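S.K.: Here it is, the structure in full.
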Amino acid sequence: MESPTTQANEEDQPSDGIGRPSPRPTWHLTPARNWMNDPNGLVHVDGVYHAFFQYNAGGEGWSDMSWGHAVSEDLLAWRELDVAIPATANEQAYSGSAVVDHGNTSGLGDGGTDPIVAVYTAATKDGLQAQSLAFSQDRGATWQRYDRNPVLDRGSREFRDPKVFRFEGADGHARWIMVVVEAVAHEVLVYSSDNLRDWTWESAFDHPTPLDEIWECPDLFPLPVDGDEADQRWVKLLSTHDHDRTDEQGSTMRWILGDFDGRRFTPAPGETWRLLDHGRDFYAGVTFSDAPDGRRLMLGWMSNWQYAHEAPTAPFRGAMSLVRELSLRTVVSDTGADARVELVQTPIVPEGLGLRSEDEGDDEGLVVGLAGVVSIESVGSARTVSVELCSGDDALATVTLDANAGEVVFERASAGVDAIDGRYASVRRMPWDGGLVEVFLDAHLVEVFACDGASVMSHQAFVGPDGWRVRVIGGAAADVTVAVPSDTE
Ligand code: FRU
């Protein structure tokens with residue numbers, strides 16, 4: 001199959017009359033055609049990153065979930081492969097994870113190379129959700145279902161999104177751990193296994209989130225604080241979604257810091273859930289297994305269940321974020337009080353971007369094109385800089401760095417989108433305590449990173465085929481720089 005990133009945008013036709021088609025991103029994973037949601041089974045094998053994803057092979061709406069499959073060596077250019085785990089007449093393959101089964105603990109290998117084992121949620125016609133296995137004996141190229149599925153069934157209708165990882169206890173006993181949700185009961189359950197086939201219940205975690213949301217797509221992993229390998233903390237990720245509320249959040253992601261002893265996750269004293277991404281369009285983010293050098297790399301779906309079905313792109317609908325490396329950093333306030341450990345996200349970005357100078361701009365603003373990086377570098381005496389992100393004459397969004405208020409504000413207009421949910425237009429804020437604000441633009445995907453990755457927000461804004469222009473409307477143009485890929489300079 002042709003790589004989605006090499007397809008010409010001109011080929012894309014609006015499929016169903018929902019406004020204009022917004023073009024295809026270049027640095028982000030999108031399917032060549034049809035619907036995509038959550039990343040699944042993220043795993044690094046022999047120098048290749050595999051990303052599977054919730055995929056409808058038959059249309060541009062959510063239905064008949066299979067695991068689509070794409071690979072990349074640099075996490076920026078992706079090549080789509082055949083569907084790995086197809087939906088069947090009786091079963092959809094919902095979200096889950098994949099591990100390299102070093103030493104063939106599952107016995108699903110061929111006796112030679114270690115198998116790659118995917119643990120996914122089998123959502124069956126009878127309305128039940130249980131955990132099942134699929135495996136690859138050729139390093140991720142082809143997949144088959146385990147013939148004794150499911151491997152973990154509690155008769156539940158809301159039991160899904162298993163994330164599996166290897167845990168080595170202080171006693172030297174290494175085993176597999178699964179975190180998985182009871183979505184409506186608001187629980188993250190922990191199970192353990194020696195062979196990925198037989199699972200033992202360990203504990204349930206139900207520390208409440210602020211709203212009455214469903215819980216989905218958990219992850220759990222250790223990270224060193226400030227790079228100190230002797231000071232490891234555990235980070236739990238969770239995606240939450242509220243189907244009914246009329247407010248403007250919908251889908252969001254949270255994280256919480258704590259400890260994990262191989263059976264139970266315990267939040268650190270005083271810890272509570274914090275927002276992982278302050279924008280509207282970052283969901284179902286999970287991390288890669290077996291990433292090189294112990295790196296913790298996260299990928300998320302850049303949409304929101306409130307309006308995901310109305311995104312005016314074609315012939316694909318759904319895109320992943322930039323891959324973000326996660327780390328923990330102690331942030332000390334000016335007074336030296338309130339030292340806090342923050343989860344920091346550092347995006348994997350293209351190299352070799354060339355700076356565009358401000359004198360190339362005119363009243364219409366500075367041309368970025370389909371992809372580029374806008375940086376607010378300083379605030380000058382005005383202490384506030386606003387940048388309008390424009391498509392033709394429409395300002396689709398405004399990013400404001402307000403140094404007095406200590407925040408970055410993202411205002412998204414409904415301009416340019418004909419028929420989309422009324423909750424799409426919105427204002428989002430995130431803390432800022434100094435440093436560069438970087439806005440990564442890639443077709444309709446807008447990711448803003450500030451405070452060296454401690455403040456992040458992600459939004460869709462459906463730019464037209466001519467791409468982006470930026471206009472500095474508050475503050476001085478000299479405070480803002482634009483970098484674009486060298487071949488489009
Ligand atoms: C999250 C989610 C998961 C589920 C999948 C179905 O976006 O609802 O809980 O496994 O999508 O596509």
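The values are calculated or read from the model by the stated rules, or taken from the named source; none is laboratory data. Computed from a prediction, not measured in an experiment: that's the story for all the values here. Note that we place each Cβ from the backbone using ideal geometry, even for glycine, and neighbour counts take in every protein chain shown.
S.K.: Answer yes or no: is there a residue in the range 133-144 that is surrounded by 13 or more Cβ atoms within 10 Å (Cβ to Cβ), within 16 Å of the ligand (Cβ to nearest atom) and under 16 Å from VAL184 (Cα atoms).
M.R.: Checked against the condition, which is being surrounded by 13 or more Cβ atoms within 10 Å (Cβ to Cβ), within 16 Å of the ligand (Cβ to nearest atom) and under 16 Å from VAL184 (Cα atoms), the range 133-144 yields no hits at all.
S.K.: Regarding LEU299, is this residue away from the ligand (no atom under 16 Å from the Cβ) and buried (at least 20 other Cβ atoms within 10 Å of the Cβ)?
M.R.: Numbers: away from the ligand (no atom under 16 Å from the Cβ): no; buried (at least 20 other Cβ atoms within 10 Å of the Cβ): yes.
No, not satisfied.
S.K.: Sticking with this one: Of everything in the range 33-49 that's more than 11 Å from the ligand (Cβ to nearest atom) and in a strand (DSSP E or B), which residue is nearest to the chain's Cα centre (by Cα)?
M.R.: Applying the first criterion (more than 11 Å from the ligand (Cβ to nearest atom)) to the range 33-49 yields 33-34, 41-49.
The next check asks that each one be in a strand (DSSP E or B); those that pass are 34, 41-45, 48-49.
On the way: ASN34: 19, GLY41: 13, LEU42: 11, VAL43: 15, HIS44: 17, VAL45: 20, VAL48: 19, TYR49: 15 Å.
Within the range 33-49, the match that is nearest to the chain's Cα centre (by Cα) is LEU42.
S.K.: Across the range 50-65, what is the total count of residues that are more than 10 Å from the ligand (Cβ to nearest atom), over 16 Å from the mean Cα position of the chain (by Cα) and assigned to a strand (DSSP E or B)?
M.R.: Of the residues in the range 50-65, 0 are more than 10 Å from the ligand (Cβ to nearest atom), over 16 Å from the mean Cα position of the chain (by Cα) and assigned to a strand (DSSP E or B).
S.K.: I would also like to ask the following. Of everything in the range 193-228 that's modelled with pLDDT under 95 and of a type outside the set (A, V, I, L, M), which residue is nearest to the ligand (Cβ to nearest atom)?
M.R.: GLU213
S.K.: What about SER95, is it among the polar types (S, T, N, Q), within 12 Å of the ligand (Cβ to nearest atom) and in a strand (DSSP E or B)?
M.R.: Values: among the polar types (S, T, N, Q): yes; within 12 Å of the ligand (Cβ to nearest atom): yes; in a strand (DSSP E or B): yes.
Answer is yes for this residue.
S.K.: Still on this structure, please answer the following. Can you pull out every residue in the range 220-263 that is of a type in the set (Lys, Arg) and farther than 15 Å from GLY294 by Cα? Write out each step before concluding.
M.R.: Within the range 220-263, the subset of a type in the set (Lys, Arg) is 233, 236, 245, 254, 263.
Passing the criteria: LYS236, ARG245, ARG254, ARG263.
S.K.: Another question, then. More than 16 Å from the ligand (Cβ to nearest atom), assigned by TED's automatic domain parsing to the domain that holds ALA93 and under 21 Å from HIS44 (Cα atoms): is that true of ARG175 in this structure?
M.R.: Values: more than 16 Å from the ligand (Cβ to nearest atom): yes; assigned by TED's automatic domain parsing to the domain that holds ALA93: yes; under 21 Å from HIS44 (Cα atoms): yes.
Criteria met by ARG175.
S.K.: A further question follows. For the range 302-312, which positions are at pLDDT 95 or above and away from the ligand (no atom under 16 Å from the Cβ)?
M.R.: Passing the criteria: none in range.
S.K.: Same structure again: Looking only at the range 438-455, which residues are of a type in the set (Gly, Ala, Ser) and either free of Cβ contacts under 8 Å to residues at least 24 places away in the same chain or in a strand (DSSP E or B) (or both)? Spell out how you get there, then give the answer.
M.R.: Of the residues in the range 438-455, the ones of a type in the set (Gly, Ala, Ser) are 443, 450, 453-455.
Across the range 438-455, the qualifying residues are ALA450, SER455.
S.K.: Going through the range 167-187 one residue at a time, which ones are in a strand (DSSP E or B) and over 15 Å from ASP261 (Cβ atoms)?
M.R.: Initial filter on the range 167-187 (in a strand (DSSP E or B)): 167-168, 174-182, 187.
Result: TRP176, MET178, VAL180, VAL181, GLU182, GLU187.
S.K.: Within the range 294-346, how many residues turn out to be touching a Phe, Trp or Tyr at 6+ places or on another chain (Cβ under 9 Å) and not in a strand (DSSP E or B)?
M.R.: Residues flagged as touching a Phe, Trp or Tyr at 6+ places or on another chain (Cβ under 9 Å) and not in a strand (DSSP E or B) within the range 294-346 amount to 18.
S.K.: Determine, yes or no, whether ASP259 is more than 16 Å from the ligand (Cβ to nearest atom), out of contact with any helix residue (DSSP H, G or I) (no Cβ under 6 Å at 6 or more places or on another chain), in the same structural domain as GLU158 (by TED's automatic domain parsing) and over 25 Å from GLU213 (Cα atoms). Working first, answer last.
M.R.: On the way: more than 16 Å from the ligand (Cβ to nearest atom): yes; out of contact with any helix residue (DSSP H, G or I) (no Cβ under 6 Å at 6 or more places or on another chain): yes; in the same structural domain as GLU158 (by TED's automatic domain parsing): yes; over 25 Å from GLU213 (Cα atoms): no.
So ASP259 does not fit the description; no.
S.K.: Whether any residue in the range 358-365 is in contact with a Lys or Arg (Cβ under 9 Å, 6 or more places away or on another chain), in a loop (DSSP other than H, G, I, E, B) and within 20 Å of SER486 (Cβ to Cβ) is what I want to check. If you could, list the steps in order and put the result at the bottom.
M.R.: Start the filter on the range 358-365 by keeping residues that are in contact with a Lys or Arg (Cβ under 9 Å, 6 or more places away or on another chain), which leaves 361, 363-365.
Remaining after also requiring in a loop (DSSP other than H, G, I, E, B): 361, 363-364.
Restricting the remaining residues to those that are within 20 Å of SER486 (Cβ to Cβ) gives 361.
Yes, there is a match, as at least one residue in the range 358-365 is in contact with a Lys or Arg (Cβ under 9 Å, 6 or more places away or on another chain), in a loop (DSSP other than H, G, I, E, B) and within 20 Å of SER486 (Cβ to Cβ).
S.K.: Related question: Would you say ALA87 is part of a loop (DSSP other than H, G, I, E, B), in the same structural domain as VAL71 (by TED's automatic domain parsing), within 13 Å of the ligand (Cβ to nearest atom) and surrounded by 16 or more Cβ atoms within 10 Å (Cβ to Cβ)?
M.R.: On the way: part of a loop (DSSP other than H, G, I, E, B): yes; in the same structural domain as VAL71 (by TED's automatic domain parsing): yes; within 13 Å of the ligand (Cβ to nearest atom): yes; surrounded by 16 or more Cβ atoms within 10 Å (Cβ to Cβ): yes.
Against the criterion (part of a loop (DSSP other than H, G, I, E, B), in the same structural domain as VAL71 (by TED's automatic domain parsing), within 13 Å of the ligand (Cβ to nearest atom) and surrounded by 16 or more Cβ atoms within 10 Å (Cβ to Cβ)), ALA87 qualifies.
S.K.: Quick one: is VAL117 part of a strand (DSSP E or B) and over 21 Å from the mean Cα position of the chain (by Cα)? Don't jump to the end; show me each part of the working.
M.R.: On the way: part of a strand (DSSP E or B): yes; over 21 Å from the mean Cα position of the chain (by Cα): yes.
Yes; evaluated as a whole, the condition is true for this residue.
S.K.: For the range 209-225, state whether one or more residues are over 19 Å from the mean Cα position of the chain (by Cα) and without any contact (Cβ under 8 Å) to a residue 24 or more places away in the chain.
M.R.: No, because not a single residue in the range 209-225 is over 19 Å from the mean Cα position of the chain (by Cα) and without any contact (Cβ under 8 Å) to a residue 24 or more places away in the chain.
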